[in-house]
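The values are calculated or read from the model by the stated rules, or taken from the named source; none is laboratory data. Treat the numbers as computed from the prediction; the structure is a model and nothing was measured. Here the Cβ is made from the backbone with ideal geometry for all residues, glycine too, and neighbour counts use every protein chain on show. The area values use the complete protein model at the heavy-atom level, side chains included, leaving out ligands, DNA and RNA. Shrake-Rupley method; radii C 1.70, N 1.55, O 1.52, S 1.80 Å.
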Amino acid sequence: MARALINVPAKAKRGEIIEIKALISHPMETGYRTGPDGALVPRDIINRFICTYNGVEIFSADLFPAIAANPFFSFTTTATESGRIAFRWIDDRGQAHLETAEIAVE
Amino acid sequence: MSRNSGSAGTSRREILAAGAGALALILARPARATPESMAAAIKAFVGEAEVREGRVTLEIPPLVENGNSVPLTVKVDSPMTAQDYVKRIAVFNERNPQPNVALFYLNPRAGQALVSTRIRLGDSQNIVAIAQLSDGTFWSDKAELIVTLPACVES
Amino acid sequence: MRRALTGVVLAAGFGGALGLCISLALAQSPPSEHKSGFEFISPESQATQQDDFSNPGMLWVAEGEALWSAQAGASGRSCAGCHGDAAVSMKGVAARYPVYFAESGQPIDLQSRINVCRKVNQKAAPFPLESRELLALSAFIGKQSRGMPITTGEDKRLEPFRARGQELYEQRQGQLNFSCANCHDDNWGKRLASSVIPQSHPTGYPLYRLEWQSMGSLQRRLRNCMVGVRAEPYPYGSQEYVELELFLMTRAKGMPLETPAVRP
């Protein structure tokens, strides 16, 4: 579905609050715009974003057409243990895009 | 509480002072959100609970360069402990076709309640952020924005 | 050639959606000091450009990187197959385009140069101008020169084309009868609607424009300025655009490349 860029620090101290950034390419077609033929372009947005840390949800969002094209999010989490941070974006057609990043916590 | 409205007002004056004799916006668009539909969306989020001003800080630049992509940050003053944390943050707008912008789900592991994204704003309007805390209370902040349009856009 | 636009009223109807009147007062001094468009955008947009995990243009760079090593065409070869590591082979390349292309006896810009390799070396269909793929590859190649000074125009054979680009830049056009120089040399730093008029240095292309919600080439940007003064834009790929690109890049000599930049 898309190309995504995520930023998770590769290393962190246990208990440290880390910032996570996620950017994905998507037109976020609102469904309110008319195309060149004058007809409404059908809505096509990412409506859900979920971030998990070793399988447990740490952040998620329900999204609406007012989110800008190529959606960007930043949020924080506490580095608890080494492992995998996974990102999932789900669009109106139910298609999901997945990205993962490894973090080493000492 | 509308922290941004003061500087937004300044920005409007700056534009006028810079020589824009008239700035007329006639944007045709389908049915749009209204202050009433925003109020209804907020009611759906908070139910009968009281929404208090404070604890939430909504940061949006007062003068928006392009409504297609407006950076927005919401911070909530919360210790983010298992006993006292932010559960959800909702962002609403008055004038886009739909009053909902985003709904963020947080938990104590966030360490701090701080979320950023970029949103679309078709017009100058009020934006409201409301946080639901783990004790069931709701807190809010509001920002008033001036959206201008860039020069030399494609027809 | 510096004209004051005192009292000139620019009334432009963009897309029929916006009626906008602005008067540009008093001529600005000519750009003795070169300022990138970066200096005229909001601190928020500047921060977006400077953070590779926030800059949406980096999504195109990432796509270009994938295309760089993908096999294509009847040759079955990838760009990397011949050029190797782009960080080495493409370093500084975007900073000297457009170049003189001996095969055609004319200047060629980076996008068209990539398409020559698509056609001749990969034996694949060239990418349409402004296509996602071509923007992605140009952004990826452009990024290999990020921070390097622009060196375009050193080849003497380019001179007549650069001179023609300058003529186009200084010639009044469109229903509003403005030249590029009227805005970008005489009135830079002033506000036009929400925008500050920059000096029109093409330091960041292809770039992510919030208005487009996408990446676009310098030609697309020039097209927007022409539509803005209600002139008939040249077709993409036309000689006029390449000459304007050549003039602008030569004029910006020494300025660091910013690809992929962010603009409103």
Identify the single condition in (1) buried (at least 16 other Cβ atoms within 10 Å of the Cβ); (2) at the interface with another protein chain (Cβ under 9 Å from one of its Cβ atoms) that A:Ile17 does not satisfy, given that it satisfies every other one.
(1)
Condition set at the interface with chain A (Cβ under 9 Å from one of its Cβ atoms) and touching an Asp or Glu at 6+ places or on another chain (Cβ under 9 Å), scope segment B:110-138, selection farthest from A:Phe49 (Cα to Cα): answer is B:Gly111
If we keep just the residues of segment A:20-42 that are assigned to a strand (DSSP E or B) and free of Cβ contacts under 8 Å to residues at least 60 places away in the same chain, which is surrounded by the most Cβ atoms within 10 Å (Cβ to Cβ)?
A:Leu23
Only one of (1) at positive phi; (2) within 14 Å of chain C (Cβ to nearest Cβ) does not apply to B:Met80, and that is (2)
Restricting segment A:20-42 to residues that are away from chain C (no Cβ under 11 Å) and hydrophobic (A, V, I, L, M, F, W, C), the one nearest to the chain's Cα centre (by Cα) turns out to be A:Val41
From the set of residues in segment B:71-95 that are in contact with a Pro (Cβ under 8 Å, 6 or more places away or on another chain) and within 22 Å of B:Ser37 (Cα to Cα), which is most open to solvent (accessible area, probe 1.4 Å)?
B:Glu94
Out of (1) over 24 Å from B:Tyr85 (Cβ atoms); (2) out of contact with any Ser or Thr (no Cβ under 7 Å at 6 or more places or on another chain), what's the single condition that is false for A:Ala79?
(1)
Which residue out of A:Ile45, A:Ile24 is of a type in the set (Val, Ile, Thr) and touching a Ser or Thr at 6+ places or on another chain (Cβ under 8 Å)?
A:Ile45
Among the residues of segment A:90-99, is there at least one that is under 24 Å from C:Pro56 (Cβ atoms), open to solvent by 10 Å² or more (accessible area, probe 1.4 Å) and within 14 Å of chain C (Cβ to nearest Cβ)?
yes
When both residues are 6+ apart or on different chains and their Cβ atoms are under 9 Å apart, which pairs have a first residue that lies in segment B:38-59 and is within 13 Å of B:Asn100 (Cα to Cα) and modelled with pLDDT of 95 or more, and a second that is of a type in the set (Lys, Arg) and open to solvent by 50 Å² or more (accessible area, probe 1.4 Å)?
B:Phe45/B:Arg88
The correct count of residues that are touching a Leu at 6+ places or on another chain (Cβ under 9 Å) and either under 12 Å from A:Ile24 (Cα atoms) or in a helix (DSSP H, G or I) (or both) in segment C:68-83 is 2
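Being aromatic (Phe, Trp, Tyr), open to solvent by less than 10 Å² (accessible area, probe 1.4 Å) and within 14 Å of chain C (Cβ to nearest Cβ) is the filter here, so list the residues in segment A:43-86 that pass it.
Selection gives A:Phe73, A:Phe75.
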Got a sec? Which of C:Ser104, C:Ser42 is assigned by TED's automatic domain parsing to the domain that holds C:Thr203 and either of a type in the set (Gly, Ala, Ser) or more than 25 Å from C:Thr152 (Cα to Cα) (or both)?
C:Ser42
Residue in segment C:57-67 that is at pLDDT 95 or above, closer than 21 Å to C:Glu133 by Cβ and assigned to a strand (DSSP E or B) present
no
Restricting to segment C:32-47, and then to whatever is at the interface with chain B (Cβ under 10 Å from one of its Cβ atoms) and assigned to a loop (DSSP other than H, G, I, E, B), can you tell me which residue is farthest from C:Asp186 (Cα to Cα)?
C:Ser42
Test result for C:Ser131, in contact with a Pro (Cβ under 8 Å, 6 or more places away or on another chain) and not aliphatic (A, V, I, L, M)
no
Evaluate segment C:236-245: report whether one residue or more is closer than 21 Å to C:Gln50 by Cα and open to solvent by less than 30 Å² (accessible area, probe 1.4 Å).
no
For the condition buried (at least 18 other Cβ atoms within 10 Å of the Cβ) and out of contact with any strand residue (DSSP E or B) (no Cβ under 9 Å at 6 or more places or on another chain), what is the one hit in C:Trp60, C:Trp68?
C:Trp68
Any residue at all in segment B:49-57 that is within 30 Å of A:Pro27 (Cβ to Cβ) and of a type in the set (A, V, I, L, M, F, W, C)?
no
